[in-house]
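The values are calculated or read from the model by the stated rules, or taken from the named source; none is laboratory data. Quantities reported herein were computed from a predicted structural model and do not represent experimental measurements. Cβ coordinates were reconstructed from backbone atoms using ideal geometry, including for glycine residues, and neighbour counts include every protein chain displayed. When the accessible area is computed, the model is the full protein with side chains, heavy atoms only, and any ligands, DNA or RNA have been set aside. Shrake-Rupley method; radii C 1.70, N 1.55, O 1.52, S 1.80 Å.
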Amino acid sequence: MSGEGEKMEVETLPTAAAPPAEHVKPDDEEEDCSDLATLLDSIDDKTAADKIPILTSVLNEPSNRYGPTASALKERAVYALARAYCEDNRHDEVVTLLTGTACAPFFANITKAKTAKVVRAVLDAVCTLAPEELDMQSQICRNIIAWCQSEKRTFLRQRVEAKLASVLFQQDKFGEAVTLVDNLLVELKKLDDKQLLVEVHLVESKIHHGLRGMAKSKAALTASRTNANAIYVAPALQSEIDLMSGVLHCEEGDFDTAHSYFLEAFEQLDQMDDREKAVPCLKYMMLCKILDGLSKALGISAKGNMGIRSDRNDADISGMITGKRGVKYAGSDVEAMSAIAAAASKRSLKEYEAVLVKYPHELQDDLLIKHHLSTLQEQLLESNLIRIIEPYSCVEIDHVANLIEMALPVVEKKLSQMILDGKFNGILDQGKGQLIVYEDADTDKATEKGLKVIENMDKVVSSLFSRSQNLRSMMV
């Protein structure tokens, strides 16, 4: 009986009741995408204007195919369409490309991770192809952020907000960029996303440097380095960190350390063949060499003859632009810095100003170079003025202006500023139009020591008085 029962249990599962097995095709065989591939291949020899309708038809094809092969082809179409819009200068279409109707069906049928990858890739491509269109970059970032908020895609929104902060920094909208970065850092610290923290802290450092807040800029860079030590940092990002470190050391006057950081960044960018970013590093290295040599040579102080005559090789940068490096990065930027070095070595203010006029784009567009070259120009002017007035105890201001080949009001204003700053002792007699220079009087050391004794006695008496008050309070 038991054997029959077991037999009956087996027979209760008839094979005829199971649904007929279907032949499951591999994913690649589900859809025939040869027509989409043909359309994508046909755009190679067409202009940007002709590519756009073809690529749009690939994204909006009526069959609505979103298998692996079709998704890969449509992803290529999105990238190609973004490039075509940029090449055709149709920036309004670029702004609405990702958040408009063209890509909406494609994003709705792929994973969130894939969507984030496509959005970031398109954003990077647009910023690379149209680097000067900052308004367009800002608007496309804002559109993506609004779309991410409606779709509740937090991680992608944070990544795009970091990019927007960088764009706002390039637009010199420091206030809006600081507000955005501060709010973003609060979120990122909760998530402990170290990769994005490194990038956002680096942008924060650049923003505060643009606002001339060196203490906050240095603190932000330290935070970026701290997070970078815990993860792997790509060479491109590491070069940006080294570049910012060099900038801050250059602002502090430590030109040797700044030069070493710029050299580290330059070597990494040179290995990646990134000429666009390597050239500024080379310019900064040349700037540090010029400033380091001339800061030691000029030595502007109350003693007029200090540092005026020195070795002209102090600002020689010919060794930095010879050989393979000079051939590879030759251009107007290197020529401009070489001309500045030559003018500074000759202590020629007129030639120095002529170089600034000849190369306005290469020397005035960069914040760091512009700031330090203006400071160097002031030092050269002071050096030349001190050298002119050194032999005189009384000299006409008009004569000084003629010798230095500058307008009389400019020279008069600079001389008064130097007197107030203590660069030399003298007065301006505007009634006679003369500059009267006094010899440096020797300081009375006895008076200085007497004042120090009085100061120390004051401290002792104040200390004894406070102790006596404490004893009285204890007795009471």
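This table checks each residue for (1) modelled with pLDDT of 85 or more; (2) within 38 Å of the chain's Cα centre (by Cα).
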{"site": "M406", "(1), (2)": "no, yes"}
{"site": "V410", "(1), (2)": "yes, yes"}
{"site": "L415", "(1), (2)": "yes, yes"}
{"site": "L420", "(1), (2)": "yes, yes"}
{"site": "G426", "(1), (2)": "yes, no"}
{"site": "Q430", "(1), (2)": "no, no"}
{"site": "V437", "(1), (2)": "yes, no"}
{"site": "D440", "(1), (2)": "no, no"}
{"site": "D444", "(1), (2)": "no, no"}
Exercise. Assess whether R153 counts as being among the basic types (K, R) and modelled with pLDDT of 90 or more.
Key: no
Quiz prompt | Single match in V395, V400, V411 (criterion: touching a residue at least 40 places away in the same chain (Cβ under 8 Å) and out of contact with any His (no Cβ under 9 Å at 6 or more places or on another chain)) | solution = V395
Quiz item: What single numbered condition from (1) assigned to a helix (DSSP H, G or I); (2) loosely packed, with under 15 Cβ neighbours inside 10 Å fails to hold for M418?
Solution: (2)
Exercise. Go through the stretch 381-402 and count every residue that is hydrophobic (A, V, I, L, M, F, W, C) and surrounded by fewer than 15 Cβ atoms within 10 Å (Cβ to Cβ).
Key: 1
Quiz prompt | Which listed residue is more than 22 Å from H201 (Cβ to Cβ) and touching an Asp or Glu at 6+ places or on another chain (Cβ under 9 Å), from A265, A278, A258 | solution = A278
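Let's see how each residue does on (1) over 30 Å from A236 (Cβ atoms); (2) touching a strand residue (DSSP E or B) at 6+ places or on another chain (Cβ under 7 Å); (3) at pLDDT 85 or above; (4) part of a loop (DSSP other than H, G, I, E, B):
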{"site": "C250", "(1), (2), (3), (4)": "no, no, yes, no"}
{"site": "E264", "(1), (2), (3), (4)": "no, no, yes, no"}
{"site": "D270", "(1), (2), (3), (4)": "no, no, yes, no"}
{"site": "V279", "(1), (2), (3), (4)": "no, no, yes, no"}
{"site": "K303", "(1), (2), (3), (4)": "yes, no, no, yes"}
{"site": "R309", "(1), (2), (3), (4)": "yes, no, no, yes"}
{"site": "V327", "(1), (2), (3), (4)": "no, no, no, no"}
{"site": "A344", "(1), (2), (3), (4)": "yes, no, no, no"}
Quiz item: What is the number of the single condition among (1) of a type outside the set (V, I, T); (2) touching a Gly at 6+ places or on another chain (Cβ under 7 Å); (3) open to solvent by 80 Å² or more (accessible area, probe 1.4 Å) that L435 does not meet?
Solution: (3)
Quiz item: Is it the case that the stretch 362-380 has a residue that's over 27 Å from G210 (Cβ atoms), open to solvent by 80 Å² or more (accessible area, probe 1.4 Å) and part of a helix (DSSP H, G or I)?
Solution: no
Quiz item: Of all residues in the stretch 100-129, which are under 16 Å from A162 (Cα atoms), without any contact (Cβ under 8 Å) to a residue 24 or more places away in the chain and more than 22 Å from the chain's Cα centre (by Cα)?
Solution: K117
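So, in the stretch 27-72, of the ones that are farther than 23 Å from G100 by Cβ, open to solvent by 80 Å² or more (accessible area, probe 1.4 Å) and not in a helix (DSSP H, G or I), which residue ends up modelled with the lowest pLDDT?
D32
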Quiz item: Could we say that E187 is part of a helix (DSSP H, G or I), among the acidic types (D, E) and over 18 Å from L367 (Cα atoms) here?
Solution: yes
Quiz item: Could you say whether any residue in the stretch 91-112 is open to solvent by 60 Å² or more (accessible area, probe 1.4 Å) and aliphatic (A, V, I, L, M)?
Solution: yes
Self-check item: Residue pairs meeting the criteria (Cβ under 8 Å; at least 6 apart or on separate chains; first without any contact (Cβ under 8 Å) to a residue 60 or more places away in the chain, in the stretch 195-218; second assigned to a loop (DSSP other than H, G, I, E, B))
Solution: Q195/I231; V198/I231; V198/V233; M214/E252
